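All of the numbers you see were taken from the coordinates with simple rules; none came from a lab. Predicted, not measured: the structure shown is a model, and the values here were computed from it. Cβ placement follows ideal geometry from the backbone for every residue including glycine, while neighbour counts extend to all protein chains displayed.
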Amino acid sequence: METKEPKKGYDSLVAEYEYWAQREPGRAEEWKEKVRWALVRAQQYADRLGVDREKVLEGWEERRDYWYVNYYQEANQPDLSGREVVTLAEWEAEGERLYGKERLDWRFRCPACGHVQTPREFKAAGQSPHAAYLNCASRYGLGGRQDCKWTIGGLLKVGGRYVIDDRYCPRLIFEFADKEKKED
Ligand SMILES: [Zn+2]
């Protein structure tokens, strides 16, 4: 028997809620609350990025590969209020204006100890170049304050900024060391 997949977005989210609510009616109210949470959070992202809520939901649902009740949560779709947010395209353009096209030479600042580091230094030391905007060089003995060991993957979501990717998923990363002043 063929089953028609609901469209990714609001439809797929609600369809999954309904599926589980039918199976376990006792928890339906709790699970409906999670749908509401996702809709409110998607609206926040939509307002912030100047797109329709459905666009955000489409992106989130396309990326989702596990149960929505666990997927929709502060760690995955963090509250953006009071945070600086840029799209991936804006961030890439800013990096190129500051440092040119060669990304290995882009400079990032550890939000905890202020150390400035480049992906090239990480790569030269056999580390992932991507770690240069996620982890302080001190974690690898590559500079910075020795006891810093800061990682963006830690529980404390402070410092750095959110870059929103093409599926409206935020990535918290270190600031550019020579970050531009905001124009507005
Ligand atoms: Zn550091």
Pairwise label distance in nanometres, Val40 with Tyr66, each label 7 Å out on the Cα-Cβ vector: 2.4
Exposure proxy ranking, count of Cβ atoms within 10 Å, fewest first, for His130, His115: His130, His115
Relative packing of peptides 139-145, 46-52 - highest average C-beta neighbours within 10 Å first: 139-145, 46-52
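Taking neighbour counts of Cβ atoms within 10 Å as a proxy for exposure, in what order, fewest first, do Leu134, Leu57 appear? Let's see the in-between values first.
Details: Leu134 19, Leu57 25.
Ascending number of Cβ neighbours within 10 Å: Leu134, Leu57.
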Net dipole in debye of the stretch 85-176 [+1 Lys, Arg Cβ; -1 Asp, Glu Cβ; about Cα centre; nearest 20]: 280
Per the chain, cysteines lacking a partner by the 4.7 Å Cβ criterion: Cys169
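Hey, which of these cross-link pairs are over 23 Å Cα-Cα: Lys34/Lys55; Lys101/Lys123; Lys34/Lys149; Lys8/Lys32; Lys7/Lys32? Don't jump to the answer; show the numbers that get you there.
Numbers: Lys34/Lys55 19 Å; Lys101/Lys123 17 Å; Lys34/Lys149 35 Å; Lys8/Lys32 18 Å; Lys7/Lys32 19 Å.
From Lys34/Lys55; Lys101/Lys123; Lys34/Lys149; Lys8/Lys32; Lys7/Lys32, over 23 Å: Lys34/Lys149.
Above 24 Å lies some portion of the pair distances; for the stretch 1-160, what is it as a whole percent of all C-alpha pairs? Display every interim value, and only then the final one.
Details: 6617 of 12720 pairs.
Beyond 24 Å sits 52 percent of the P(r) for the stretch 1-160.
Given a Förster radius of 25 Å and the C-beta distance between Arg48 and Ala124 as r, what FRET efficiency does 1/(1 + (r/R0)^6) yield to the nearest 0.05?
Values: r = 37 Å, r/R0 = 1.49.
It comes to 0.10.
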Hypothetical label at Arg167: residues of the stretch 81-121 whose amide nitrogen lies under 18 Å (7 Å Cα-Cβ projection): 87-89
Compactness of the stretch 112-171, expressed as Rg and Dmax over alpha-carbon positions, Å: 12.1, 36
Point-to-point label distance, Leu88-Asp11, nm (Cα→Cβ direction, 7 Å offset): 2.5
Residue-averaged 222 nm ellipticity for the chain, from DSSP H runs of 4+ at -39500 (n - 2.57), nearest 500: -11500 deg cm²/dmol
